[in-house]
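Asker: Quick one: structure below, then a few questions.
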């Protein structure tokens with residue numbers, strides 16, 4: 001068995017543990033005095049964690065040179081969407097119990113809910129188009145669309161911060177991680193462009209001296 005296949009299976013099982021623990025807590029009645037808030041925070045936290053982990057895959061590949069790791073990115077991204085969906089359903093079903101009028105008011109009146117909904121819709125678009133068939137159908141537009149993950153990660157973290165019921169250290173931790181990952185991407189793009197420009201200039205110079 002290839003190492004990447006084994007790693008994918010291990011990560012898949014590990015990624016389900018938080019959901020399994022929530023179910024176990026529910027069965028044992030250990031969802032704290034405010035179970036809806038507890039589930040909301042747990043699912044939201046794991047959605048952000050998987051978003052950041054997903055964003056870390058490409059930098060790890062570029063630094064390590066281990067290309068097979070890129071095969072983990074789609075699975076990790078889908079787990080981010082999975083926990084974001086549980087987070088959304090907690091609000092949709094448990095919090096408002098399908099009261100569409102109140103939900104619409106909640107989305108329009110509370111900015112952090114607006115950001116949360118926008119983030120979920122972006123992740124939904126990414127999940128729906130994560131298939132190989134979508135990549136072929138969309139072509140270059142697929143890459144442009146999937147850059148939304150960077151926007152979604154920023155809006156998710158802002159939503160997390162605006163909730164106001166999380167520790168500042170938690171927000172700072174994820175903000176630092178996200179800034180580092182986005183900074184790496186910017187640095188890599190600039191580095192690639194500079195190298196391409198230098199190579200082009202060298203090629204043009206060589207043509208001048210046959």
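Asker: Among the residues of the range 127-142, how many are under 22 Å from residue 186 (Cβ atoms) and in contact with a helix residue (DSSP H, G or I) (Cβ under 9 Å, 6 or more places away or on another chain)?
Answerer: Of the residues in that region, 1 qualify.
Asker: Which pairs turn up if I take residues in the range 20-44 that are over 19 Å from residue 91 (Cβ atoms) and look for partners that are outside any helix (DSSP H, G or I) with beta carbon separation below 9 Å, at least 6 apart in sequence or on another chain?
Answerer: From the range 20-44, the pairs are 24/30.
Asker: Could I ask something else about it? Looking for something surrounded by fewer than 16 Cβ atoms within 10 Å (Cβ to Cβ), closer than 20 Å to residue 177 by Cα, at pLDDT below 95 and touching a helix residue (DSSP H, G or I) at 6+ places or on another chain (Cβ under 7 Å) - is there at least one such residue anywhere in the range 32-51?
Answerer: Checking the range 32-51: not a single residue is surrounded by fewer than 16 Cβ atoms within 10 Å (Cβ to Cβ), closer than 20 Å to residue 177 by Cα, at pLDDT below 95 and touching a helix residue (DSSP H, G or I) at 6+ places or on another chain (Cβ under 7 Å).
Asker: Does residue 108 fit the bill of being out of contact with any helix residue (DSSP H, G or I) (no Cβ under 9 Å at 6 or more places or on another chain) and over 22 Å from residue 39 (Cβ atoms)?
Answerer: no
Asker: Residues that are out of contact with any strand residue (DSSP E or B) (no Cβ under 7 Å at 6 or more places or on another chain), within 22 Å of residue 48 (Cα to Cα) and at pLDDT below 90, at least 3 per element: which helices (runs of 4 or more DSSP H) completely within the range 93-179 meet that?
Answerer: It comes to 148-163.
Asker: All but one of (1) under 19 Å from residue 124 (Cα atoms); (2) within 17 Å of the chain's Cα centre (by Cα) hold for residue 18; state the number of the condition that does not hold.
Answerer: Going through (1) under 19 Å from residue 124 (Cα atoms); (2) within 17 Å of the chain's Cα centre (by Cα) one by one, residue 18 breaks only (1).
The values are calculated or read from the model by the stated rules, or taken from the named source; none is laboratory data. Treat the numbers as computed from the prediction; the structure is a model and nothing was measured. Every residue, glycine as well, gets a Cβ built from its backbone with ideal geometry; the counts of neighbours run over all protein chains shown.
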